[in-house]
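K.L.:
Mind having a look at this structure? Questions to follow.
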Amino acid sequence: DGLPFFLVETQYENEHGVTEAFLRAQAYGAILSGATGEVFGNNPIWHFDGPGLYDAPGTWEQQLDSAGSRSMAVLHTVMATVPWWLLEPDTSHRLVTGGSGSSGAVAAEASGARVAVAYLPDGGEVTVDPSAVLGTGGRGRASWVDPRNGSVTDVLLGAGTAALTPPGGRGAGHDWLLVVRAA
């Protein structure tokens, strides 16, 4: 067991050409890898329209509704629906076992609570073994969550492994969340 960590500072929105998808990958990667939290930054919010290091695309008030800010609100909404404090990183890849979307995927599970969350930074089909969370023969449901806007598409899961494809395409900017729960 390691010490808990908190991702304090990484890349900020509207600096260094960082995309919203990159910001989401930072946030979900940290949270699903065991972080107790993470800080989201946005230019010009961090300096409240004072002198900054980089040109700002608007006022700090306007940036409160930026794409990155909305993405972080979705992260909060999703994590509020699961016992996030029980999530353990799925370092052995028991949940997401393969598929084109498994490259770079990060997942965490709370076996006792029978719930898991996986983040797929580039979308694509994944093979999922729900028994990692639901137990052998357990039935459950999966939900694809669009991390850009929070829209949800539900999928029923059987007892065995399943190939699942998110509603969006594959590639940069087509990231998706998969939430698996007991039925």
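The values are calculated or read from the model by the stated rules, or taken from the named source; none is laboratory data. Because the structure is a prediction, the values reported are computed rather than measured. Using ideal geometry, Cβ is built from the backbone for each residue, glycine included, and neighbour counts are taken over all protein chains shown. Protein only, heavy atoms only, side chains kept; ligands, DNA and RNA dropped before computing areas. Shrake-Rupley method; radii C 1.70, N 1.55, O 1.52, S 1.80 Å.
K.L.:
Please give the number of the condition Asp65 fails out of (1) open to solvent by less than 80 Å² (accessible area, probe 1.4 Å); (2) among the charged types (D, E, K, R); (3) free of Cβ contacts under 8 Å to residues at least 12 places away in the same chain.
P.N.:
It is condition (1) that Asp65 fails.
K.L.:
Here's another thing I want to ask about it. Look through segment 142-161, keep the residues that are open to solvent by less than 60 Å² (accessible area, probe 1.4 Å) and over 14 Å from Leu178 (Cα atoms), and return whichever of them is modelled with the highest pLDDT.
P.N.:
Here the answer is Gly160.
K.L.:
Next question, about the same structure. Being hydrophobic (A, V, I, L, M, F, W, C), open to solvent by 70 Å² or more (accessible area, probe 1.4 Å), under 30 Å from Ala132 (Cβ atoms) and within 20 Å of the chain's Cα centre (by Cα) is true for just one of Leu86, Leu75, Leu23, Leu32. Which residue is that?
P.N.:
Leu86
Each row is one residue, and each column tells you yes or no for (1) of a type outside the set (A, V, I, L, M, F, W, C); (2) farther than 27 Å from Gly173 by Cβ; (3) at pLDDT below 90; (4) open to solvent by 40 Å² or more (accessible area, probe 1.4 Å).
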site	(1), (2), (3), (4)
Gly98	yes, no, no, no
Gly104	yes, no, yes, yes
Glu109	yes, no, no, no
Gly112	yes, yes, yes, yes
Ala116	no, no, no, no
Tyr119	yes, no, no, no
Val126	no, no, no, no
Gly135	yes, yes, yes, no
Gly140	yes, yes, yes, no
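K.L.:
Of all residues in segment 36-50 being among the polar types (S, T, N, Q) and open to solvent by less than 60 Å² (accessible area, probe 1.4 Å), which is nearest to Arg24 (Cα to Cα)?
P.N.:
Selected residue: Asn42.
K.L.:
Find the residue count for segment 166-183, including only residues that are touching a strand residue (DSSP E or B) at 6+ places or on another chain (Cβ under 8 Å), part of a loop (DSSP other than H, G, I, E, B) and either open to solvent by 10 Å² or more (accessible area, probe 1.4 Å) or of a type in the set (Val, Ile, Thr) (or both).
P.N.:
Qualifying residue count, segment 166-183: 6.
K.L.:
Give the number of residues within segment 1-56 that are part of a loop (DSSP other than H, G, I, E, B) and either more than 28 Å from Ser102 (Cβ to Cβ) or of a type outside the set (D, E, K, R) (or both). Lay out the reasoning, then the answer.
P.N.:
If we filter segment 1-56 for residues that are part of a loop (DSSP other than H, G, I, E, B), which is where we start, we get 1-4, 8-12, 14-19, 33-34, 39-41, 43-44, 48-56.
So of that shortlist, the ones also either more than 28 Å from Ser102 (Cβ to Cβ) or of a type outside the set (D, E, K, R) (or both) come out as 2-4, 8-12, 14-19, 33-34, 39-41, 43-44, 48-56.
Of the residues in segment 1-56, 30 are part of a loop (DSSP other than H, G, I, E, B) and either more than 28 Å from Ser102 (Cβ to Cβ) or of a type outside the set (D, E, K, R) (or both).
K.L.:
Among the residues of segment 75-82, is any farther than 17 Å from Ser33 by Cβ and in contact with a Ser or Thr (Cβ under 7 Å, 6 or more places away or on another chain)?
P.N.:
Checked segment 75-82: no residue is farther than 17 Å from Ser33 by Cβ and in contact with a Ser or Thr (Cβ under 7 Å, 6 or more places away or on another chain).
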